[in-house]
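Colleague: First the structure, then my questions, so here it is.
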Amino acid sequence: MYFRPFPLMSLMTVIGLAILIGLGLWQLDRMDQKTAATARYEALAQRDAVSLDMGLCQIRSSAAGRTMIMPDAPSVSEIRLFGRAPDGRLGWRLFKTTPKPDCLGNVIGEALLIETGFETMSGEQLEPTRHITLEWLPESSAFDAPNSPETVEFHHVDLDAMATALGVDTLVSDYWLVAAGEGLPQYLSATPPSRHFGYALTWFGLAVALAGIFIAYHVSKNRLGFTRR
């Protein structure tokens, strides 16, 4: 066997393989994380509902998925966030604020966003939210429609504008309280563990393809062979 590699091509191939394999391992790690987070969410969602103070003070940020009871007196001021009802209908998710419990004194923000109901595009008010759960705030997308703070209608989360519309100085920026619906929340269901596994296979497949191209090219240039020269 003989092998006389092209130096620059070999260097670029090694770098490319390292990146592709690293991306594949990262997706496998994300798959494990998502699997654990899904199992934890489902286990918490099956437990009996607790008060908001118990959910946030005793369980804290690990309460994502724990069903909590709507507090008695959310704020009067309300904003509308475009979204879907549990049955899939488009409309406005209705949000108010509730004071941040004293136990969360180290968390930045004066009040928590809390989902209180839903209004369809035809103006039908669905049954008020009774049970809520903690979720991480979603990230905005470049494809989101612009917000209209003057009409308190929002298409993506803008905490500063929402706080102004709701009459509070600041909102907790890490998470919010949303209606406890059926199934997994979007941050878990949008990219399930199986999809991360598929991404990992894609990256590993590209690494194999890159290695194959490297070998085939050197064979074609008579720089790699499996017989004595």
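Colleague: What residue, among those in region 190-200 that are surrounded by 12 or more Cβ atoms within 10 Å (Cβ to Cβ) and without any contact (Cβ under 8 Å) to a residue 60 or more places away in the chain, is farthest from residue 99 (Cα to Cα)?
Modeller: 198
Colleague: Exactly one condition in (1) closer than 30 Å to residue 211 by Cα; (2) surrounded by 13 or more Cβ atoms within 10 Å (Cβ to Cβ); (3) small (Gly, Ala, Ser) is false for residue 37; which is it?
Modeller: Unmet condition: (1).
Colleague: Please pick out the residue among 98, 67 that is touching a Gly at 6+ places or on another chain (Cβ under 9 Å), open to solvent by less than 40 Å² (accessible area, probe 1.4 Å) and under 24 Å from residue 172 (Cβ atoms). Full working, then the answer.
Modeller: Details: 98 fails: touching a Gly at 6+ places or on another chain (Cβ under 9 Å).
Among 98, 67, only 67 is touching a Gly at 6+ places or on another chain (Cβ under 9 Å), open to solvent by less than 40 Å² (accessible area, probe 1.4 Å) and under 24 Å from residue 172 (Cβ atoms).
Colleague: Let me ask something else. Using the structure shown, decide if residue 47 is in contact (Cβ under 8 Å) with a residue 60 or more places away in the chain, out of contact with any Cys (no Cβ under 9 Å at 6 or more places or on another chain) and open to solvent by 90 Å² or more (accessible area, probe 1.4 Å).
Modeller: Criteria not met by residue 47.
Colleague: For region 4-25, name all the residues that are open to solvent by 50 Å² or more (accessible area, probe 1.4 Å), in contact (Cβ under 8 Å) with a residue 60 or more places away in the chain, under 22 Å from residue 220 (Cβ atoms) and part of a helix (DSSP H, G or I).
Modeller: 9
Colleague: Whether any residue in region 161-173 is under 14 Å from the mean Cα position of the chain (by Cα), within 18 Å of residue 118 (Cβ to Cβ) and crowded, with 19+ Cβ neighbours inside 10 Å is what I want to check.
Modeller: no
Colleague: Right, next: Going through 15, 79 one at a time, which residue ends up being at pLDDT 90 or above and farther than 21 Å from residue 171 by Cα?
Modeller: 15
Colleague: What's the total number of residues in region 135-172 that are in a strand (DSSP E or B) and farther than 27 Å from residue 55 by Cα?
Modeller: 3
The values are calculated or read from the model by the stated rules, or taken from the named source; none is laboratory data. Everything quoted here is computed from the prediction, not taken from an experiment. Here Cβ is always computed from backbone atoms with ideal geometry, including for glycine, and neighbour counts include all displayed protein chains. What goes into the accessible areas is simple: the full protein's heavy atoms, side chains included, and nothing from ligands, DNA or RNA. Shrake-Rupley method; radii C 1.70, N 1.55, O 1.52, S 1.80 Å.
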